[in-house]
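Have a look at the structure below, then the notes.
The values are calculated or read from the model by the stated rules, or taken from the named source; none is laboratory data. The model shown is predicted, which means the values in this text are computed figures rather than measured ones. Every residue, glycine among them, receives a Cβ derived from its backbone with ideal geometry; neighbour counts consider all protein chains shown. Note: areas computed on protein heavy atoms with side chains; ligands, DNA, RNA excluded. Shrake-Rupley method; radii C 1.70, N 1.55, O 1.52, S 1.80 Å.
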Amino acid sequence: MAKKNHKKNTSKDNIFDEITSNYNSFNKSNDTENTCNENTSTTEDTNSCNIDIDEALNKAYTKIQTLNLLRDELIRLEINPKGRIYFDNNIFPLLTTLYQLSSTSVSLANSINVLSTSYLVNPKDSKLKDTIKLIYNINKECDDIYCVLKRKVECLLDISCNQ
């Protein structure tokens, strides 16, 4: 689990580095540009003015692309950690508990199925009925946890929508 968090932090650091480098390249390309006067008299001045306009348009286009990249990278970051903290503290433990209880219930049910068809175990003398009651109790607990989990997920969706 620690490795996943380390990888996640590393990817966030990489994203942050990309944003910083894109921001720096955006600022470097923000040079002062030559402006053309409307009162140009020669064709050379007009051609250089057109070239300057084309260069300015190209620079503006690259700046817009850089801004779009920055926006996309900022969206990938988790700016509001409230939802993640809520998930880690309230939903993940319930999911883990639900998974463990349901897998225990399935394992016990498979064991009961095998033991009930076995000729070595006498159903009247064994504790198979007690195990079946335990399986039903586990399933009731799973239903209760599922109801609580549903409410917690609705709260998480509210948190996510109210960012």
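Odds and ends about this structure:
- Criterion applied to ILE159, ILE138 was being in a helix (DSSP H, G or I), open to solvent by less than 90 Å² (accessible area, probe 1.4 Å) and either at pLDDT below 90 or of a type in the set (Asp, Glu) (or both), and the one residue passing it is ILE159.
- Taken over segment 124-135, the criterion of being in a helix (DSSP H, G or I) and either surrounded by fewer than 12 Cβ atoms within 10 Å (Cβ to Cβ) or in contact with a strand residue (DSSP E or B) (Cβ under 8 Å, 6 or more places away or on another chain) (or both) is satisfied by LYS129, ASP130, LYS133.
- Every listed requirement among (1) at pLDDT below 85; (2) part of a helix (DSSP H, G or I) is met by GLU78 save one, (2).
- In segment 116-136, the count of residues that are within 30 Å of LYS152 (Cα to Cα) and in contact (Cβ under 8 Å) with a residue 40 or more places away in the chain is zero.
- Residue count for segment 97-123, restricted to those that are more than 38 Å from the chain's Cα centre (by Cα) and either open to solvent by 50 Å² or more (accessible area, probe 1.4 Å) or more than 28 Å from CYS147 (Cα to Cα) (or both): 12.
- Meets criteria (at pLDDT below 95 and open to solvent by 90 Å² or more (accessible area, probe 1.4 Å)) for LEU149: no
- Any hit, segment 50-57, residues being at pLDDT below 70, loosely packed, with under 14 Cβ neighbours inside 10 Å, out of contact with any strand residue (DSSP E or B) (no Cβ under 8 Å at 6 or more places or on another chain) and not aromatic (Phe, Trp, Tyr): yes
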